[in-house]
Amino acid sequence: MEKVLTYRGLVATPDDVEFIRRLLAEHPGESRAEISRRLCRAWNWVQPNGEPRAMVCRGYLLKLHRAGLIQLPACQRGPRGPVVRRRIPPRVDVDESPIDCVLGELGPLQIRQVRRSPEERLCDGLIAQYHYLGACWPVGAHLKHLVFAGERPIAAFAWSSPPRHLGARDRHIGWTQEQRQRNLHLIAYQTRFLLLPWVWVPHLASHLLGRMAKVLVQDWQRIYCHPLFFLETFTDPERYRGTCYRAANWTHLGQTTGRGKNDQTHLVNRSIKAVWGYALVEDFRERLRDA
């Protein structure tokens, strides 16, 4: 099949380019967002939960535009997506009195999915204030969770779509490029795990990692309408040894290259991280290769 270019695994052929040119010619007064929605409907580009793949389509069209293959209408206004809203979340006030006990004395714990809920602001604020990496802005599919002991928050999690290329993970799974492109959405990436600094409870971190995996699978299926088979995350070996991940049966997969996802120089330009993975089913390799 002749191709003009690819974008995130989507191949653009000469016939595709011609179709988009006709679409643009037939709707000269419409915005880029409207054209993107039309193309999603025409090609049935939808997520597993039925929502259009609007942002992926926008990026696909923009790459064709920048390559001179199509002429998109002028931007009618600045972008209103997550990139524009990347400001530090406002400070939240919480009870910082120490929680110093053994795990059995902590009482019942509740894990709540808080994305698009009134408690999302609390989750964002806690991560911004108390996580050493600060705030995060997940892209693609993503969820956020708070852990409560009684009425007090004690931990926060943020999850997102995984990096497209991750050598240590890809070698561990043993999938081909085509299999990775087709099944990458069946993996979730832990962007943040925060245990609040005044919570001193031995073994709590590994306990929460174990419970969180079960909750996440259920929430992801409910919201995005497809399963998860594998989890992954990074840790900074200069700060942490990954003890809680080992205790929760996560596997150390290797290290990042320190070059980032858009590297063009093949030179280390950022800190090297440890890569950890967690299999949600025993036959995760077979499912990720063949799903």
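Does Tyr132 qualify as being more than 23 Å from Trp45 (Cβ to Cβ), at pLDDT below 95 and assigned by TED's automatic domain parsing to the domain that holds Tyr245? Yes: the conditions hold for Tyr132.
Exactly one residue out of Phe234, Phe193, Phe230, Phe157 is more than 30 Å from Val92 (Cα to Cα), in contact (Cβ under 8 Å) with a residue 24 or more places away in the chain and not aliphatic (A, V, I, L, M): that is Phe230. Residues that are assigned to a loop (DSSP other than H, G, I, E, B), closer than 18 Å to Arg8 by Cα and over 19 Å from the mean Cα position of the chain (by Cα) within the range 51-77 comprise Ala67, Leu69, listed in sequence order. When Gly81 is tested against the conditions (1) at pLDDT 85 or above; (2) under 26 Å from the mean Cα position of the chain (by Cα), the lone failure is (1). The number of residues in the range 255-273 being surrounded by fewer than 16 Cβ atoms within 10 Å (Cβ to Cβ) and either modelled with pLDDT of 70 or more or basic (Lys, Arg) (or both) comes to 7. Restricting attention to the range 130-178 and to residues that are charged (D, E, K, R) and in a loop (DSSP other than H, G, I, E, B), the residue that is surrounded by the most Cβ atoms within 10 Å (Cβ to Cβ) turns out to be Arg164. Would the range 34-50 turn up any residue that is of a type in the set (Val, Ile, Thr), modelled with pLDDT of 90 or more, outside any helix (DSSP H, G or I) and more than 23 Å from the chain's Cα centre (by Cα)? Scanning the range 34-50 turns up no residue that is of a type in the set (Val, Ile, Thr), modelled with pLDDT of 90 or more, outside any helix (DSSP H, G or I) and more than 23 Å from the chain's Cα centre (by Cα).
The values are calculated or read from the model by the stated rules, or taken from the named source; none is laboratory data. In this text, all values refer to a predicted model and were calculated from it rather than measured experimentally. Backbone-built Cβ (ideal geometry, glycine too); neighbour counts: all protein chains shown.
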